[in-house]
Amino acid sequence: MTVPTDPGDLATALQRTGYLADTGIATAAFLALRMGRPLFCEGEPGTGKTSLAVALSRALDLKLIRLQCHEGIDAAQALYEWDFPRQLLHLRALEAAHRTVDEASLYTERFLLARPLLQALQEAPCVLLVDEIDRADDEFEAFLLELLDDNAVSIPEFGEVRAEKPPLVVLTSNRTREVHDALKRRCLYHWLEHPGLAREIDILRHRLPGLDERLATQVASAVHRIRQLELLKPPGVAEALDWARALTALDRDVLDAEAAALTLGAVLKYSEDIDRVRAKLDSLLS
């Protein structure tokens, strides 16, 4: 694991992975690492929350373990399950050999299916990404809070699994609902905004080294103006990158109305949004 000495050092390490972190993001991530606290990242979709966790794992040379949250997720899906088919085969093999069945032999690591949370405790130090925690329910939040407090879990048939060193935990939320204060208090908090124009141009040119400077500026400027419209889903940085890639694939070095109309599907994902933007292309590209 590569240990940064300060937020600037971490920002430099993140930049080497292709993630351009501003001072606020770099400081929040550095403090989470130095203090051993989870980092709760909240913001609009496409602001780089998930990408931050991926970049941290690369910059720190740590394994990334991801838990994608969804409605109805429970401890079995997030923590562990027992491999019942394999246990049954083990039982049948014992019976065929006329050997005594020892129940304890059914609950060993051999039959334990570790899910992301248990994997993170077993393999720490690592980066644990709990993605879109706002999609989970209250019961899962409470369970996660207990696990983060102790960095350990007790499996009734197996025993306790404890991380000698806590994983670096990054939780993300698109704020589809409010996450409870108890979980937020356990974490360091950072709200991610869409990058400013200059930084988004830098991101485009850094992630797409062959991209023409003028085209990068035109794409970033157009995306910034599009975000000001009332859309169902404003574009994020990932969509800006896709737009630039689409234009490059068509050998376009200028973002004019014709090129934009042909490639709006790279930056907008709803027909209503495409219609709204297409009607204002001239002003958006001026």
- Any residue in the stretch 167-188 that's open to solvent by less than 10 Å² (accessible area, probe 1.4 Å): show its pairings with residues that are assigned to a strand (DSSP E or B) and of a type in the set (S, T, N, Q) at Cβ separation under 6 Å, as long as the two are six or more apart or on different chains. 179/173
- The helices (runs of 4 or more DSSP H) lying entirely within the stretch 78-190 that contain at least 1 residues which are among the polar types (S, T, N, Q) and out of contact with any Lys or Arg (no Cβ under 8 Å at 6 or more places or on another chain) are 84-96, 116-123
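Matching residues to (1) open to solvent by 20 Å² or more (accessible area, probe 1.4 Å); (2) of a type in the set (Ser, Thr, Tyr); (3) out of contact with any helix residue (DSSP H, G or I) (no Cβ under 9 Å at 6 or more places or on another chain):
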| residue | (1), (2), (3) |
| --- | --- |
| 226 | no, no, no |
| 232 | yes, no, no |
| 243 | no, no, no |
| 248 | yes, yes, no |
| 253 | yes, no, no |
| 256 | yes, no, no |
| 259 | no, no, no |
| 263 | no, yes, no |
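Yes/no per residue for (1) among the β-branched types (Val, Ile, Thr); (2) at pLDDT below 90:
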site: 127; (1), (2): yes, no
site: 135; (1), (2): no, no
site: 143; (1), (2): no, yes
site: 146; (1), (2): no, yes
site: 154; (1), (2): no, yes
site: 174; (1), (2): no, no
- Note on the structure: Of the residues in the stretch 230-269, those that are touching a residue at least 40 places away in the same chain (Cβ under 8 Å), part of a loop (DSSP other than H, G, I, E, B) and of a type in the set (A, V, I, L, M, F, W, C) come to 231, 232, 254, 255, 267, 268
- Check whether at least one residue in the stretch 207-218 is small (Gly, Ala, Ser), surrounded by 15 or more Cβ atoms within 10 Å (Cβ to Cβ) and either under 29 Å from the mean Cα position of the chain (by Cα) or assigned to a loop (DSSP other than H, G, I, E, B) (or both), and report yes or no. yes
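The values are calculated or read from the model by the stated rules, or taken from the named source; none is laboratory data. Keep in mind the model is a prediction, meaning the values are calculated, not measured. Positions of Cβ are generated from backbone atoms using ideal geometry, with glycine treated the same way; all protein chains shown enter the neighbour counts. We work out accessible area using only protein heavy atoms, side chains counted, and drop any ligands, DNA or RNA first. Shrake-Rupley method; radii C 1.70, N 1.55, O 1.52, S 1.80 Å.
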